[in-house]
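Below: the structure, in structure tokens.
Read the figures in this text as sums done on the coordinates, not as results from a lab. Treat the numbers as computed from the prediction; the structure is a model and nothing was measured. Cβ atoms come from the backbone with ideal geometry, glycine included; neighbour counts cover every protein chain shown.
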Amino acid sequence: MTASKTLPIRSSEDVVRIRSEVRNASIAAGFSLVDQTKFVTAASELARNMVIYGAGGEMQIELLESAGRRGVRLAFIDQGPGIPDIDQAMKDGFTTGTGLGLGLGGARRLVNEFTIESKLGHGTRVTIARWK
Amino acid sequence: MDERIPILKLGKALLVTIQVDMHDRLALALEEDLTQKIVATGARGVLIDISALEIVDSFIGRMLDNIAGVSRILDAETVLVGMQPAVAITLVELGLNLSGIKTALNVERGMKMIAQTVRASDDSDDGE
């Protein structure tokens, strides 16, 4: 596997492919089974959000190594409508779609690092990372 | 034809073994197929074996909860069996506790739970 790669997210089949790629990267970084499962689940939530709200986009996947620690960083980038109120969108139970509203807040709880930037009319970028 | 998850009839119960990582449409198709099959067969229980599932995210979790809710209305009990420990830990942290759904450790125990429920409700019918 290369250190960095970009994958398209347009359909629910792509979400399945994302799960399998993130699983492979998590194994390559030496994550425990529980940590693999948490990271793959977080990626699945964010990828689906992108299909439902962001009109699709892409995910960049990067293997990290810092001071002898290994990790994986994922960036979810879309050119969708953007999120008007990020604090509100992060709250459990908040949704403008048909979901449970657990996606963003839930994903944040499953990872070590979480950042979100959004610009109305331009799109959203969510970055997550998990370390071994 | 679209890909589908097979549903087997086992006595008074329906058995579903999910062996692939489901995309969302496949999960929705299963929900629909199961509902129709409960009505068509008069099944009293639905056993869903997820031991091969490596993740359950909020979408799949909601689908499982929906199946349990709809089955209950149609007089069938849903039991979820075989959830991997890592999946259970992740689900709770995600904020999903599947409170509306019964669980058992394996298919054998799940079938026992369904058999007990069917027997209990048959007994109370006799008493009326």
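With an 8 Å cut-off on Cα pairs and a minimum separation of 6 or more residues, tell me the relative contact order of region B:7-126 in percent.
25
Which pairs in the list B:K12/B:K112; B:K12/B:K37; A:K38/B:K102; B:K9/B:K102; A:K5/A:K91 are over 21 Å apart, alpha-carbon to alpha-carbon?
Listed pairs above 21 Å: A:K38/B:K102; A:K5/A:K91.
Could you tell me what a quarter of the Cα convex hull surface of region A:4-131 works out to, in nm² with one decimal place?
So the Cα hull casts an average projection of 7.2 nm².
When you look at the Cβ of every residue in B:93-101, what mean number of other chain Cβ atoms sits within 10 Å?
Average per residue, whole number: 4.
Give me the percent relative contact order of chain A, please, defined on Cα pairs under 8 angstrom at least 6 residues apart.
26
At 4 °C and 1.567 mPa s, what whole-number value in µm²/s does Stokes-Einstein give for the translational diffusion of region B:7-126, with Rh from the Kirkwood sum over Cα pairs?
Calculated translational D: 90 µm²/s.
Using only the alpha-carbon atoms, how far is helix A:12-28 inclined from the longest principal axis of chain A? Give it as 0 to 90 degrees, nearest 10.
30
Specify which residue in the list A:S11, A:A89, A:I27 is farthest towards the positive end of the charge dipole of chain A, using unit charges on the beta carbon of Lys, Arg (+1) and Asp, Glu (-1), about the Cα centre.
A:I27
Any idea what the dipole of the protein assembly as shown comes to, in debye rounded to 20, about its Cα centre with Lys/Arg Cβ at +1 and Asp/Glu Cβ at -1?
740
How large is the charge dipole for region A:4-131, taken about the Cα centre, if only the Cβ atoms of Lys, Arg (+1) and Asp, Glu (-1) carry charge, to the nearest 20 debye?
Dipole size: approximately 260 debye.
Report the one residue of B:Q36, A:Q79, B:L98 whose Cα lies farthest in the direction of the positive end of the charge dipole of the protein assembly as shown (charges on C-beta: Lys and Arg +1, Asp and Glu -1; origin at the Cα centre).
A:Q79
Within a 10 angstrom radius of the beta carbon, how do A:S12, A:S26 rank from fewest other beta carbons to most?
A:S12, A:S26
Applying a 10 Å radius around every beta-carbon, put B:52-64, B:96-108, A:43-55 in order of their mean neighbour count, most first.
The packing order, highest mean first, is A:43-55, B:52-64, B:96-108.
Of A:A129, A:S44, B:M22, which is farthest on the positive side of the dipole of the protein assembly as shown, counting Cα position, with +1 on Lys and Arg Cβ, -1 on Asp and Glu Cβ, and the Cα centre as origin?
A:A129
Per-residue Cβ counts within 10 Å, from other chains only, averaged over A:109-117: what number is that?
Shielding by partners across A:109-117 averages 1.
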